[in-house]
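*Asks:* My questions will all concern the structure given below.
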């Protein structure tokens, strides 16, 4: 068995030589840091002294003594459960609709919907919309029409913080997966639809379920990975809108908790345990989504 595998590798050695540089870079800057992070998570490491092995103590502290982490997990799960599926479905539906437009209109529509993702810190405009004084656009509108008697502290009131962060993230979510879906729809083999019509497919919904979605499984999986990463790794939007730390930790997420211990306190062992837990959550979600996508078209 090993000799057969080795012979196959020898026949394809030119291909392996071409992918070797990428594999080396990927292993060095992606795989190796993940492995080291998992190992460091079992230590007490402050970047000044040699790591001290503490076993499962960091994880025990995370789930038993760190109340802020549990708040961060709750906020992250709520955020991911809403923004992940909604943005994923919105990306595909908009890509599907835009794909039906004429080429010139399609190009303009793609740019319009993708523009927020290109703008980097475009979500900062939302701080003006939800400013806590009467000059904020939302407060100004409510005061003008006498819908409220005083400005609402949108980004300081725990009741509103997570809702606003979710809205802004959904606005930003039409990014790479949106383009991947459009590219997948553009590359569809039109003869599949003709063959489907012969086999009994009678409407667009049947075309979508039995032909389009199964043919786009690689793009769907790629888009799912992107959306899972974005929904679990939210931090910049939360910090910019709600501050760091946010009021009553209403906008605190796992990544902001990781930033606290990794970039401010430099407790790298504890920060690595936080990163490992988040990695496990993302991996589990990814496997679940992969299993769900494998049933598409059945």
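*Asks:* Out of the residues in the range 35-68 meeting the condition of being in a strand (DSSP E or B) and touching a helix residue (DSSP H, G or I) at 6+ places or on another chain (Cβ under 9 Å), tell me which one is surrounded by the fewest Cβ atoms within 10 Å (Cβ to Cβ).
*Replies:* Checked the range 35-68; the qualifying residue surrounded by the fewest Cβ atoms within 10 Å (Cβ to Cβ) is 52.
*Asks:* Continuing with this model, one more query. Consider the range 67-93. How many of its residues are over 18 Å from the mean Cα position of the chain (by Cα) and touching a residue at least 60 places away in the same chain (Cβ under 8 Å)?
*Replies:* Within the range 67-93, residues that are over 18 Å from the mean Cα position of the chain (by Cα) and touching a residue at least 60 places away in the same chain (Cβ under 8 Å) number 3.
*Asks:* Out of 182, 166, I need the residue that is part of a helix (DSSP H, G or I), touching a helix residue (DSSP H, G or I) at 6+ places or on another chain (Cβ under 6 Å) and closer than 23 Å to residue 252 by Cα. Which one?
*Replies:* After ruling out the rest, the residue left standing is 166.
*Asks:* Here's something else I'd like to know. Hey, could you check the range 197-237 for residues that are outside any helix (DSSP H, G or I) and farther than 30 Å from residue 72 by Cβ and say which is nearest to the chain's Cα centre (by Cα)?
*Replies:* Checking each candidate, the answer is 216.
*Asks:* Right, next: Within the range 238-277, take every residue that is assigned to a helix (DSSP H, G or I), without any contact (Cβ under 8 Å) to a residue 60 or more places away in the chain and over 20 Å from residue 168 (Cα atoms) and give me the one that is farthest from the chain's Cα centre (by Cα).
*Replies:* Ranking the qualifying residues of the range 238-277, first place goes to 264.
*Asks:* Residue by residue through the range 1-15, note down the ones that are surrounded by 10 or more Cβ atoms within 10 Å (Cβ to Cβ) and either touching a helix residue (DSSP H, G or I) at 6+ places or on another chain (Cβ under 6 Å) or at pLDDT 80 or above (or both).
*Replies:* Hit for the range 1-15 is 15, nothing else.
*Asks:* Taking the condition of being touching a residue at least 12 places away in the same chain (Cβ under 8 Å) and assigned to a helix (DSSP H, G or I), how many residues in the range 133-154 meet it?
*Replies:* 2
*Asks:* Would you mind finding the one in 224, 235, 242 that is within 19 Å of residue 67 (Cβ to Cβ) and in contact with a helix residue (DSSP H, G or I) (Cβ under 6 Å, 6 or more places away or on another chain)?
*Replies:* 242
*Asks:* Kindly indicate the residue of the range 102-132 that is assigned to a loop (DSSP other than H, G, I, E, B) and either in contact (Cβ under 8 Å) with a residue 12 or more places away in the chain or in contact with a helix residue (DSSP H, G or I) (Cβ under 6 Å, 6 or more places away or on another chain) (or both) and also surrounded by the most Cβ atoms within 10 Å (Cβ to Cβ) among those meeting that condition.
*Replies:* It comes out as 130.
*Asks:* Follow-up. Only residues in the range 19-36 that are within 20 Å of residue 278 (Cα to Cα) count as the first member; pair them with residues that are at pLDDT 90 or above and surrounded by 11 or more Cβ atoms within 10 Å (Cβ to Cβ), Cβ under 9 angstrom, at least 6 apart or cross-chain, and list the lot.
*Replies:* Within 9 Å, the pairs are 34/275; 34/276; 34/279; 36/272.
The values are calculated or read from the model by the stated rules, or taken from the named source; none is laboratory data. None of these values were measured; they are calculated from a predicted model. Reconstructed Cβ throughout: ideal geometry from the backbone, glycine too, with neighbour counts over all protein chains shown.
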